[in-house]
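Only one structure is covered here, and it is reproduced in the block below.
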Amino acid sequence: RIKETGTITFSYRNGAPPFSFKDREGRVRGYSIELCVRVAAAIQKALAIPELKIDWVSLEASTRLEAVASGKVDADCGTTTITLSRMQTVDFSVPVFVDGGGVLVSAKSKLARLANLKGKRIAVIGGTTTEQALVGALNSIDAPAVLVPVTNGAEGMALLTEGKVDGYAGDRTVLANLRLRARNPGALVFVAGDFSYEPYGLALRRDDPDFKLAVNRALVNLYRTGDIDGIFQRWLGALGKPGTLLHAMFYLNTLPE
């Protein structure tokens, strides 16, 4: 179908920089976006077609997987965590990133540990693995919080900076980037410790092994050749060097051809 139409359709979450977002000029950009652009280029070459158009569809966390499963989009390029329960409806590429869940709070709040969040109002994007993991982590230490559902990072950060919630929970790298872009980054700090393990993958349909193979072949080639280093530096370098876990993820997924 892609060869016949000359079009591939990707979804993304706007407002999830540095992984996926739309800039002021209307361009869809980010770490996950560049990976999908590279995947499209590899598929274009494999199909030997002169041009391959990418259609970008902006979706929220609550609708992205249904769009993949129904065939509305060919793949989701954002911050989707690979889970066994999600594999009941969609498939995934090899991992593209590894993150952990964190909580941003006001530096003046003195909320240093997860246990300090008991009874506090914590914003989190509803229907995500982050929300589930946060509830589990807080319940396990007898520190349940009042969760305030939001639809995206901008909404969560606005509630936090306006003092309407005590914290905003999300994937640590996304939070670090949002803090970096905040008007007063020094006014926000992380609660100590991560509360979840978040391996990201590109969500794909379950019934298309040939497409999955093409996607994985393109990603593995980026890891094998080292081209992933430039992509990482471009989008994530400002947040620090890749950790041991991420290095291991790239190495373990450098599969032989």
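Picking from residues in region 125-176 that are β-branched (Val, Ile, Thr) and in contact with an Asp or Glu (Cβ under 6 Å, 6 or more places away or on another chain), the one that is modelled with the lowest pLDDT is Thr173. Scanning region 131-165 for residues that are under 24 Å from the mean Cα position of the chain (by Cα) and hydroxyl-bearing (Ser, Thr, Tyr) gives Thr151, Thr161.
Conditions tested, residue by residue: (1) under 21 Å from Leu180 (Cβ atoms); (2) part of a helix (DSSP H, G or I).
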{"position": "Asp207", "(1), (2)": "no, no"}
{"position": "Arg224", "(1), (2)": "no, yes"}
{"position": "Gln233", "(1), (2)": "yes, yes"}
{"position": "Gly237", "(1), (2)": "yes, yes"}
{"position": "Phe250", "(1), (2)": "no, yes"}
{"position": "Leu255", "(1), (2)": "no, no"}
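Note on region 138-156: residues that are open to solvent by less than 20 Å² (accessible area, probe 1.4 Å) and more than 11 Å from Leu117 (Cα to Cα) amount to 3.
Consider region 2-54 and keep the residues that are farther than 19 Å from Ala218 by Cα and either surrounded by fewer than 17 Cβ atoms within 10 Å (Cβ to Cβ) or among the β-branched types (Val, Ile, Thr) (or both). The one that is nearest to the chain's Cα centre (by Cα) is Val28. Return yes when Val220 is β-branched (Val, Ile, Thr), more than 23 Å from Arg13 (Cα to Cα) and part of a helix (DSSP H, G or I) and no when it is not. The answer is yes for Val220.
Give the number of residues within region 227-257 that are of a type in the set (A, V, I, L, M), out of contact with any strand residue (DSSP E or B) (no Cβ under 8 Å at 6 or more places or on another chain) and open to solvent by 100 Å² or more (accessible area, probe 1.4 Å).
So the first thing to find is which residues in region 227-257 are of a type in the set (A, V, I, L, M), and the list is 228, 231, 236, 238-239, 245-246, 248-249, 252, 255.
So of that shortlist, the ones also out of contact with any strand residue (DSSP E or B) (no Cβ under 8 Å at 6 or more places or on another chain) come out as 228, 231, 236, 238-239, 248, 252, 255.
After this cut, where a residue has to be open to solvent by 100 Å² or more (accessible area, probe 1.4 Å) as well, the list is 252.
The total comes to 1.
Scanning region 172-217 for residues that are over 26 Å from Ala133 (Cβ atoms) and buried (at least 22 other Cβ atoms within 10 Å of the Cβ) gives a single hit, Val215.
Every residue, every condition in (1) in contact (Cβ under 8 Å) with a residue 24 or more places away in the chain; (2) assigned to a strand (DSSP E or B); (3) charged (D, E, K, R), yes or no:
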position: Pro18; (1), (2), (3): yes, no, no
position: Glu34; (1), (2), (3): yes, no, yes
position: Ile43; (1), (2), (3): yes, no, no
position: Val57; (1), (2), (3): yes, yes, no
position: Ser62; (1), (2), (3): yes, no, no
position: Lys72; (1), (2), (3): yes, no, yes
position: Val94; (1), (2), (3): yes, no, no
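Output yes when any residue across region 197-220 is basic (Lys, Arg) and within 17 Å of Gly102 (Cβ to Cβ), and no when none is. The answer is no, given that none of the residues of region 197-220 is basic (Lys, Arg) and within 17 Å of Gly102 (Cβ to Cβ).
Regarding Ala169, is this residue touching a helix residue (DSSP H, G or I) at 6+ places or on another chain (Cβ under 8 Å), in contact (Cβ under 8 Å) with a residue 60 or more places away in the chain, under 16 Å from Pro17 (Cα atoms) and open to solvent by less than 10 Å² (accessible area, probe 1.4 Å)? So Ala169 fits the description; yes.
The values are calculated or read from the model by the stated rules, or taken from the named source; none is laboratory data. Keep in mind that this is a model prediction, so the values were computed, not measured. When we count neighbours, we look across all protein chains shown, and the Cβ atoms used for this are built from the backbone with ideal geometry, even at glycine. Heavy atoms of the whole protein, side chains included, go into the accessibility calculation; ligands, DNA and RNA do not. Shrake-Rupley method; radii C 1.70, N 1.55, O 1.52, S 1.80 Å.
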